[in-house]
Amino acid sequence: MREIEKFLDKERRPELRKHNGDISIEEYDEKNSKLVLRLMGQCCTCPHSIDTSENFIKISVREKFPEIKILHVNAGASKEFIEIAKAYLRGK
């Protein structure tokens, strides 16, 4: 996972941050060759997020890490954020 983080830091995050976005690793399952990433900031609600995930992120990650067989890039609000928002709205 450390190599994936280094790759994202060097190759993908700088461009995403230019647009007030970022990316994080939500899940990495080495045994099942699965990686789940999440677009964050402005990138998670951008109308171009599908293009960003398919053409900017997935292609480069697969080229760099061909051992990853299952790769998802999620956009939108995270489950944690939704739970925080619900608690806030309930006044807790």
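The values are calculated or read from the model by the stated rules, or taken from the named source; none is laboratory data. Given the structure is predicted, the values throughout are model-derived calculations rather than measurements. Note that each Cβ is placed from the backbone with ideal geometry, even for glycine, and that neighbours are counted across all protein chains shown. Accessible surface is based on the protein model in full, side chains and every heavy atom, while ligands, DNA and RNA are left aside. Shrake-Rupley method; radii C 1.70, N 1.55, O 1.52, S 1.80 Å.
Ignoring everything but the protein chains, give the 1.4 Å probe accessible area of residue 18 in square angstrom, nearest 10.
My reading of the accessible area for residue 18 is about 140 Å².
Taking the chain as the reference, fit the longest principal axis to its C-alpha atoms, fit the long axis of helix 79-89 to the helix C-alpha atoms, and give the angle between the two in degrees, 0 to 90, nearest 10.
It works out to around 10 degrees.
So with the 1.4 Å probe, I'd like the accessible area per residue for the chain, rounded to whole Å². Mind dumping the intermediate values first?
Values: 6450 Å² over 92 residues.
Ligands and nucleic acids excluded, the figure is 70 Å² per residue.
Using alpha-carbon pairs under 8 Å, 6+ residues apart, how would you state the relative contact order of the chain in percent?
Values: 94 pairs, mean separation 23.2, N = 92.
Answer for the chain is 25 percent.
Multiply the residue separation of residue 33 and residue 82 by 0.36 nm, subtract the distance between their alpha-carbon atoms, and state the gained length in nm to one decimal.
Values: separation 49, 0.36 × 49 = 17.64 nm, distance 2.79 nm.
Length gained, residue 33 through residue 82: 14.8 nm.
Distance from the Cα centre of segment 48-83 to that of segment 6-25, in angstrom?
12
Kindly sort 9, 29 by accessible area of their heavy atoms, largest first, with the probe set to 1.4 Å. List each step's numbers first, then the result.
Numbers: 9 85, 29 40 Å².
My answer, sorted largest first, is 9, 29.
So which GluC sites (Glu not before Pro) in segment 1-82 end up in coil per DSSP with only 12 or fewer other C-beta atoms within 10 Å?
On the way: sites: 3, 5, 11, 15, 26, 27, 30, 54, 63, 67, 80; in loops: 30, 67.
The qualifying sites are 30, 67.
Under a Cβ-Cβ cut-off of 15 Å, what is the net charge of the residues other than residue 19 that fall near it, where Lys and Arg count +1 and Asp and Glu count -1? Could the numbers behind the result be given before it?
Working: positive: 12, 13, 17, 18; negative: 15, 22, 51.
Computed value for this residue: +1.
What's the local net charge at residue 64, with K and R +1, D and E -1, over the other residues with C-beta under 13 Å away?
-1
Evaluate 2.2 N^0.38 Å with N set to the residue count of segment 23-92, then give the Cα radius of gyration divided by it. Don't skip to the end; give the middle numbers.
Values: Rg = 14.4 Å, N = 70, 2.2 N^0.38 = 11.1 Å.
In units of the globular-protein estimate, segment 23-92 measures up at 1.30.
Take a quick pass over the chain and tell me how many lysine pairs come in under 23 angstrom between Cα atoms, counting only ones 8 or more apart or on separate chains.
Taking the chain as the scope, the lysine pair count is 23.
What is the local net charge at residue 46, summed over the other residues whose Cβ is closer than 14 Å to its Cβ (Lys, Arg +1; Asp, Glu -1)? Intermediate values should be presented prior to the final figure.
On the way: positive: 17, 18, 38; negative: 15, 22, 51, 54.
Here the charged neighbours net out to -1.
Suppose the chain between residue 62 and residue 20 were pulled fully straight at 0.36 nm per residue; how much longer would it get relative to their current alpha carbon spacing?
Value of the extension gain: 12.7 nm.
Go ahead and set up a Gaussian network model of the chain, Cα springs under 10 Å, then flag whichever of 68, 23, 82 fluctuates most.
Result for the chain, Cα springs under 10 Å: 82 fluctuates most.
Give me the extension gain from residue 69 to residue 1: residue separation times 0.36 nm, minus the current Cα-Cα distance, reported in nm with one decimal.
On the way: separation 68, 0.36 × 68 = 24.48 nm, distance 1.46 nm.
Additional length available on full extension: 23.0 nm.
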